[in-house]
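All remarks here apply to the structure that follows.
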Amino acid sequence: MLKKLLLSLVLAAGIGLGTPGFAEDAPATPEAVAAEAAAPATDAEAAPAAAPVPDKGDIAFMYTATALVILMTIPGLALFYGGLVRSKNMLSVLMQVMMTFSLITVLWVIYGYSLTFTAGSPFFGSLDKLLLAGVTPESPGATFSKGVYIPELMFVAFQCTFAAITPALIVGSFAERMKFGAVLAFMVLWFTFAYIPMAHMVWYWDGPDAITDAASLETVTAAAGWLWQKGALDFAGGTVVHINAGVAGLVAAIVLGKRIGFGKEAMPPHNLVMTMIGASLLWVGWFGFNVGSNLEANGVAALAFVNTFAATAAAVLAWSFVEYVARGKVSMLGAVSGAVAGLVAITPACGFVGVGGALVIGLAAGAVCYWGVTGLKRLIGADDALDVFGVHGVGGIVGALLTGVFASPSLGGTGICNYVTNKCGDAADFPGIAAQVVIQGEAVLTSVIVSGVVSFIALKLIGLVMGLRVKEEEEREGLDTVSHGETAYHV
């Protein structure tokens, strides 16, 4: 104890008297400054900068967005679809949505993420991250800003919700007549050969930090997905999710054939209250879907939020107005269908267009999708039970094409980012409205062809192996009891 006291006194005295090692630094002479500048760097000075630490605000933002997308699927989408079918098929739709979501989640972590978000070909990634190999809590995931990262595991989870909800959307097209086992088999094939390549083609690239000059931009572009290379704009999934699922739904409806009694018997929704609840959950959850696609909490995320809000409201009004002109009444089913149409159409555009553009997109979606579920549906003649193509397919096409128009800085859009100059929104970098619409059209056509061909082949294969439809007497009884041994209601 005495030794410690003496040591403290000595140290204190040294500080007070200016002992070397504790004295205040003397002003440096010019010669000293020059010598220091010329001296070789130490190991510490030569070491590369540490990897950026993800901002906790961005991480919390992505947790919230991911949870919201889960909410919009189960229970949102499940209740929306469940209320639209007849009561004897309520549970079958709920089960198909929940099981599809669960099945694709497992496949995503096994091989889906790796094939989608690793370098490979322009159409598929590789198996380098099979079972998430090498993805640790410290692994960084790139965003759209240089030097800004989120945990890669967070990116895995967020993108998983997209992969899982997309095939679940298809359930509405073949509702009330497809075997449960056939549904699951179709989801595996369609996810693997339609969703994964579309997501890779549109969304895969090496991230902004890989681009420093024209040469590195060329390298990143060559390694990116095929449609990313072309400059296709899809902020949150117009082509990858909605057109992809809508076309698959139309093909499924055609291949399976019409429900027994379709066009001859009344098949009204059995519970529009549940449909309204489901649609409301979809609208709330869609903020996670669209806003979370920015991957960081900044002004672009705020723009996506407002655009999603405004376009959806505009679509409700447009659908309701057209319905009133056509039928003389405004229905609850029409209003919620308009909301979903607006959500679908603004999805590819939400982070690229101004609020004025979002309103136009919403109004167009409400009007065109009303025609999609009435006039176009009659022209095609398919029994798309819950209008997956009329809303998601048609709405996705409207949104994807109009993104090319209203993304232009001349119309209030954000344009595109030039990562060589690290600037976004310069009019000189935007290819022009006509050129961008052509690029968007190529993305739309690619989605239609990929999804259509994969869906047709998958359904035919499954039909040969295990059959697609339940028997006629089972369809009349209802899939709740036939497939699951339960009933939704007991009276």
Out of Ile416, Ile457, I need the residue that is surrounded by fewer than 21 Cβ atoms within 10 Å (Cβ to Cβ), farther than 30 Å from Ala185 by Cβ and either at pLDDT 95 or above or aliphatic (A, V, I, L, M) (or both). Which one?
Ile416
Residue, surrounded by the most Cβ atoms within 10 Å (Cβ to Cβ), within the range 134-147, restricted to residues that are among the small types (Gly, Ala, Ser), in contact (Cβ under 8 Å) with a residue 12 or more places away in the chain and part of a loop (DSSP other than H, G, I, E, B):
Ser145
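A quick yes/no check of all residues on (1) under 28 Å from Gly441 (Cα atoms); (2) buried (at least 17 other Cβ atoms within 10 Å of the Cβ); (3) small (Gly, Ala, Ser); (4) in contact with a helix residue (DSSP H, G or I) (Cβ under 8 Å, 6 or more places away or on another chain):
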site: Trp203; (1), (2), (3), (4): yes, yes, no, yes
site: Thr221; (1), (2), (3), (4): yes, no, no, yes
site: Pro269; (1), (2), (3), (4): no, yes, no, yes
site: Val273; (1), (2), (3), (4): no, no, no, yes
As an exercise: evaluate Glu265 against (1) surrounded by fewer than 16 Cβ atoms within 10 Å (Cβ to Cβ); (2) of a type in the set (Asp, Glu); (3) under 24 Å from Ala349 (Cβ atoms) and give the number of the one condition it does not meet.
(3)
For the range 460-473, the count of residues that are over 11 Å from Asn89 (Cβ atoms) and surrounded by 13 or more Cβ atoms within 10 Å (Cβ to Cβ) equals 6
In the range 193-207, what count of residues is obtained for those that are on the phi < 0 side of the Ramachandran plot, out of contact with any Gly (no Cβ under 8 Å at 6 or more places or on another chain) and either polar (S, T, N, Q) or not in a helix (DSSP H, G or I) (or both)?
1
Any residue at all in the range 79-99 that's buried (at least 17 other Cβ atoms within 10 Å of the Cβ) and over 30 Å from Glu473 (Cβ atoms)?
no
Out of all the residues in the range 290-311, is one or more in contact with a Leu (Cβ under 9 Å, 6 or more places away or on another chain) and surrounded by fewer than 24 Cβ atoms within 10 Å (Cβ to Cβ)?
yes
Can you confirm whether the range 208-222 contains a residue that is under 26 Å from Val373 (Cα atoms), in contact (Cβ under 8 Å) with a residue 60 or more places away in the chain and assigned to a helix (DSSP H, G or I)?
no
Consider the range 419-437. How many of its residues are in a helix (DSSP H, G or I) and either surrounded by 16 or more Cβ atoms within 10 Å (Cβ to Cβ) or at positive phi (or both)?
3
Across the range 340-386, which residue is surrounded by the fewest Cβ atoms within 10 Å (Cβ to Cβ) among those that are out of contact with any Ser or Thr (no Cβ under 7 Å at 6 or more places or on another chain) and among the charged types (D, E, K, R)?
Arg378
If I filter the range 110-132 for residues that are part of a loop (DSSP other than H, G, I, E, B), under 19 Å from Val241 (Cβ atoms) and in contact with a Leu (Cβ under 9 Å, 6 or more places away or on another chain), do I get at least one hit?
yes
Report yes if some residue within the range 399-411 is in contact with a Ser or Thr (Cβ under 9 Å, 6 or more places away or on another chain), under 23 Å from Met201 (Cα atoms) and free of Cβ contacts under 8 Å to residues at least 24 places away in the same chain; otherwise report no.
no
Only one of (1) outside any loop (DSSP other than H, G, I, E, B); (2) at pLDDT 50 or above does not apply to Pro52, and that is (1)
Given the criteria touching a Gly at 6+ places or on another chain (Cβ under 6 Å) and in contact (Cβ under 8 Å) with a residue 60 or more places away in the chain, does Gly237 qualify?
no
Residue that is farthest from Pro268 (Cα to Cα) [pool: residues in the range 305-347 that are out of contact with any Phe, Trp or Tyr (no Cβ under 6 Å at 6 or more places or on another chain) and not in a helix (DSSP H, G or I)]:
Thr347
So, Lys3, is that one of a type in the set (D, E, K, R), modelled with pLDDT of 50 or more and either over 24 Å from Met276 (Cβ atoms) or surrounded by 12 or more Cβ atoms within 10 Å (Cβ to Cβ) (or both) or not?
no
Among the residues listed as Ser451, Ser447, Ser455, the single one being assigned to a helix (DSSP H, G or I) and in contact with a Ser or Thr (Cβ under 6 Å, 6 or more places away or on another chain)
Ser447
The residue that is surrounded by the fewest Cβ atoms within 10 Å (Cβ to Cβ), considering only those in the range 148-191 that are in a loop (DSSP other than H, G, I, E, B) and of a type in the set (Val, Ile, Thr), is Val148
Please tell me if Ala236 is under 30 Å from Ala458 (Cα atoms) and either in a loop (DSSP other than H, G, I, E, B) or of a type in the set (Ser, Thr, Tyr) (or both).
yes
Sort through Ala78, Ala38, Ala60 and tell me the only one that's modelled with pLDDT under 95 and of a type outside the set (Asp, Glu).
Ala38
Could you give me the residue pairs with C-beta distances under 8 Å whose first residue belongs to the range 241-265 and is closer than 22 Å to Glu473 by Cβ and aromatic (Phe, Trp, Tyr), whose second residue is at pLDDT 95 or above and part of a loop (DSSP other than H, G, I, E, B) wherever it lies, and which are 6+ apart or on separate chains?
Phe262/Asp383
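The values are calculated or read from the model by the stated rules, or taken from the named source; none is laboratory data. Note that this is a predicted model, so its numbers are computed, not measured. Don't worry about glycine lacking a Cβ; one is built from the backbone with ideal geometry, like all the others, and counts go over all protein chains shown.
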